[in-house]
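Presented below is the structure to which this report refers.
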Amino acid sequence: QVQLVESGGGLVQAGGSLRLSCAASGRTFGSYGVGWFRQAPGKEREFVAGINWTGSRTSYANFVKGRFTTSRDNAKNTGYLQMNSLKPEDTAVYYCAKSSGSSWYVSEHGYDYWGQGTQVTVSS
């Protein structure tokens, strides 16, 4: 069993920054990829960013490239999503998820454990 707990969400003005954390229980977290997803009201959940098990490779959705950065600290069993230059359209519930493999997947089906989500609200 793996439990994921996100934190760091909140209310921020457009142009501001937030850093989300994803703290995992379980010793095997460092062997798996991590994905970040978001879901805005009335919309489907969508892929935001992914990172492989070592942190050496990352991937981003086009709409966050150059603004968001994902990283991880396996010694702390924690993943991160640094969000800069936030826009009102970034408002959503953000989720981290543990991949079933060593890398990330764009599809939700590639993940076997999910966090509870953290709300990010960007005001204009």
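Annotations
- Accessible heavy-atom area order of GLU44, GLU6, GLU108, GLU89, highest first, probe of 1.4 Å: GLU44, GLU89, GLU108, GLU6
- FRET efficiency for THR28 and SER123, using Cβ-Cβ distance with R0 set to 25 Å, rounded to 0.05: 0.05
- Backbone HN-Hα couplings from phi across the stretch 26-33 [Karplus 6.51/-1.76/1.60, Hz, Gly and Pro as x]: x, 6, 8, 3, x, 8, 10, x
- Pairwise label distance in nanometres, GLU108 with LEU11, each label 7 Å out on the Cα-Cβ vector: 2.8
- For the stretch 67-119: span of alpha carbons on each principal axis (Å, largest first): 32, 26, 19
- Put simply, the amide H of GLY33, placed in the peptide plane, has neighbours under 5 Å in TRP53, SER99, GLY101, SER102, SER103, leaving out anything fewer than 5 places away on its chain.
- The phi-based Karplus calculation (6.51 cos²θ - 1.76 cosθ + 1.60; θ = phi - 60°) puts the 3J(HN,Hα) values of the stretch 99-111 at 6, 7, x, 7, 10, 9, 10, 6, 7, 4, 5, x, 10 Hz, whole numbers, x for Gly and Pro.
- Dimensionless Rg/Rh of the stretch 1-58 - Kirkwood Rh, Rg from C-alpha atoms: 1.01
- Mean shadow area of the stretch 31-124 over all directions, Cα convex hull, nm²: 5.9
The values are calculated or read from the model by the stated rules, or taken from the named source; none is laboratory data. Since the model is a prediction, treat every value here as computed from it, not as a measurement. As a convention, Cβ positions derive from the backbone with ideal geometry for all residues, glycine included, and neighbour counts pool all protein chains shown. Heads up: the accessible areas ignore ligands, DNA and RNA and are worked out on the full protein's heavy atoms, side chains in. Shrake-Rupley method; radii C 1.70, N 1.55, O 1.52, S 1.80 Å.
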